[in-house]
């Protein structure tokens, strides 16, 4: 981390951070850096550069694609994804969009990936509740073209009645197993989840399988470990206009 004390940081390190800044601020800081004769002024300028870089990086992490409103040149490009496998952790996705105040239109979701990528498959991991309404929803997903991976909700009885029963239906193992088993069929995994348990899977896919990973989630539902482990982090808010379900 650049600090206000000590010797002025090397110019190459400063320039490496400048690349994250808007063009106008980049020119301003470069000129200020070069025109500063004293070490003190250069330290101050370098520190400002770091602060702006840090705030910008935390705002959109890895300069992901954000539609036509992207600031600066984005590294995320649909065309660069090549063959794409989409894995949706349904519980994580639905809780995320619920907090954002909208719901996913899965037909639109399938269309977005089908039109913009070399889509291998969309896999939807969710609990099967066994009621008519939910079965109808699952049938709809299958008709759209989405592969379903389901299992019943597991209820663990607690001895202490006051604590209530524990309801459990995690799909961590299923998603990880499928992502590894199908690794030869795709180049990029797009994971709709923010669960930190997937950190090891992402690192393995990148280092051992040479696969790229895009994580799609939103604030308060995605772990720092997952953001730092993926190639690109895409906030669900940036996909709202593409995925939002209209009406009820």
Legend entry - Residue in the stretch 169-190 that is at pLDDT below 95, surrounded by fewer than 16 Cβ atoms within 10 Å (Cβ to Cβ) and in contact with a strand residue (DSSP E or B) (Cβ under 7 Å, 6 or more places away or on another chain) present: no
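With the requirement that a residue be in a helix (DSSP H, G or I) and without any contact (Cβ under 8 Å) to a residue 40 or more places away in the chain, what does the stretch 95-120 give you?
98, 107, 110, 111, 114, 115, 116
If I go through the stretch 129-151 residue by residue, how many of them are farther than 15 Å from residue 174 by Cα and either touching a residue at least 40 places away in the same chain (Cβ under 8 Å) or not in a helix (DSSP H, G or I) (or both)? Before the answer, list the steps.
In the first step, residues of the stretch 129-151 are kept if they are farther than 15 Å from residue 174 by Cα; the result is 129-146.
If we keep only those that are either touching a residue at least 40 places away in the same chain (Cβ under 8 Å) or not in a helix (DSSP H, G or I) (or both) as well, we get 129-131, 145-146.
Result for the stretch 129-151: 5.
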Legend entry - Odd one out for residue 226 among (1) in a helix (DSSP H, G or I); (2) modelled with pLDDT under 95; (3) closer than 23 Å to residue 116 by Cα: (3)
Legend entry - Lone unmet requirement of (1) in contact with a helix residue (DSSP H, G or I) (Cβ under 8 Å, 6 or more places away or on another chain); (2) surrounded by fewer than 21 Cβ atoms within 10 Å (Cβ to Cβ) for residue 214: (2)
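The values are calculated or read from the model by the stated rules, or taken from the named source; none is laboratory data. Values in this document were obtained by computation on a predicted structure and should not be read as measured data. As a convention, Cβ positions derive from the backbone with ideal geometry for all residues, glycine included, and neighbour counts pool all protein chains shown.
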